[in-house]
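Here's the structure we're looking at; comments come further down.
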Amino acid sequence: MTSSMAFSDLATAGLELRSLARRGIVPIVVFVTAAVSCALLYDTLMTSSLRWSLSSPMDVAVDAAEPADQLASSEMILRAADMGNKTVILTTLNDAWAEPGSILDLFLESFRIGNGTSHLLNHLVFITMDQKAHERCLSMRGHCFDLNTKGANLSEQKDYNTPDYLNMMWQRLDFQRQVLEKGYNFISTDTDILWFRNPLPHFYPEGDFQVSCDRFFGNATDLANWPSNGFNYVKSNNRTIPFFKYWYSSRTKHPNDHDQTVFNYIKHDAFLRELGLTIRFLDTKYINGLCEIRSRDWNAICTMHANCRVGLSSKVSEMRGMLDQWRKYMSNKH
């Protein structure tokens, strides 16, 4: 019931009240009219409240707004990295992965020797988690955003699902929400992912949130696919922004879980359906990783993720091996 209907009904009630007054039963009518008015007002307020709850759930809570200097810095960095269609590539970097000869060097090498990928380095934004990583980024003349980690020590190698690792992943997710709020689409890539071809042609035109898979069962819309949040493509719109807020707020219900695990919990939630969020899972034929058991087609692979490997040295070894395979593949083509 709308407020305009409520005012119309009150006006009608007023006319009836004047008629009944002439018959001496005003006290009863006054009581009934007051009750009707309260009911109409309650219905109007509840309707407004319901409409608000669907667009902005009460349990959504995110970190405080960026400080003014961070806000200006991130705006400038995103503008400089823009592909021309308000799209950027984001990756997270700490000191352990930024050391010379470590994961960062292998990650960058893949762009340089990939098929038509070197220009994408111009659009890559490094979200640095500590001072050493930030200095390494600046030395490469990259697009470097120094994320304020609020006193946490995120410079060392963080094992999967440890408290420091979880903190780093959730801070990354909250920064991504801020990027969306600034009107930028983004491709988020873990630094242990090698880029051999441009993945953009394999994104779905209709997908709001597109995510890679540890296991892909052949259907991009099937929520049963196993997501891997190490690589995703997200459009900035009025569906993804509240989705990221809802996702981040869900951490309070699952304090010991990775953002990827929490996404698996909430992907069936009614709130996402009410938003109209379109989720697509990326085919592992193109967006591949070591968790996927299907055979690799080097004629199609765009990215390779050194996932399902524990420890820095294991990942470095796998990434070097994949770079060697790529070089052999490319040399055989020529």
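The values are calculated or read from the model by the stated rules, or taken from the named source; none is laboratory data. From a predicted model like this one, the values you see are computed outputs, not experimental measurements. Neighbour counts are summed over all protein chains in view; Cβ atoms, including those assigned to glycine, are modelled from backbone coordinates with ideal geometry. Accessible surface is based on the protein model in full, side chains and every heavy atom, while ligands, DNA and RNA are left aside. Shrake-Rupley method; radii C 1.70, N 1.55, O 1.52, S 1.80 Å.
A few remarks follow.
- Rounded to the nearest 10 Å², the accessible area of ARG197 at probe 1.4 Å: 30 Å²
- Using only side-chain charges placed at the Cβ, +1 for Lys and Arg and -1 for Asp and Glu, the dipole size of region 68-332 relative to its Cα centre rounds to 480 debye.
- For region 68-332: rounded, prolate or oblate by the Cα gyration tensor [a/c cutoff 1.5]: rounded
- Full extension of the segment from LEU223 to GLN131, taken as 0.36 nm per residue of separation minus the current Cα-Cα distance, would add 29.2 nm.
- Furthest towards positive pole of dipole, SER314, ASN115, ASN94, structure part region 68-332, Cβ charges: ASN115
- On full extension, the segment bounded by LEU121 and ASN299 gains 61.9 nm, given 0.36 nm per residue less the C-alpha separation.
- Cross-link pairs beyond the 31 Å C-alpha cut-off, checked among LYS86/LYS253; LYS132/LYS315; LYS86/LYS328; LYS182/LYS315: LYS86/LYS253; LYS86/LYS328; LYS182/LYS315
- Selection from ILE77, ILE266, PHE216, by position along the positive dipole direction of region 68-332 (Cβ): PHE216
- Between the residues LEU290, CYS144, HIS254, the greatest Cα displacement towards the positive end of the dipole of region 68-332, with unit charges on the Cβ of Lys, Arg, Asp and Glu, is found for LEU290.
- The relative contact order of region 68-332 comes to 20 percent, based on Cα pairs under 8 Å that sit 6 or more residues apart.
- For TRP226, the accessible area of its heavy atoms, probed at 1.4 Å with every protein chain present, is near 130 square angstrom.
- Multiplying the residue separation of ARG112 and GLU274 by 0.36 nm and removing their Cα-Cα distance gives an extension gain of 54.1 nm.
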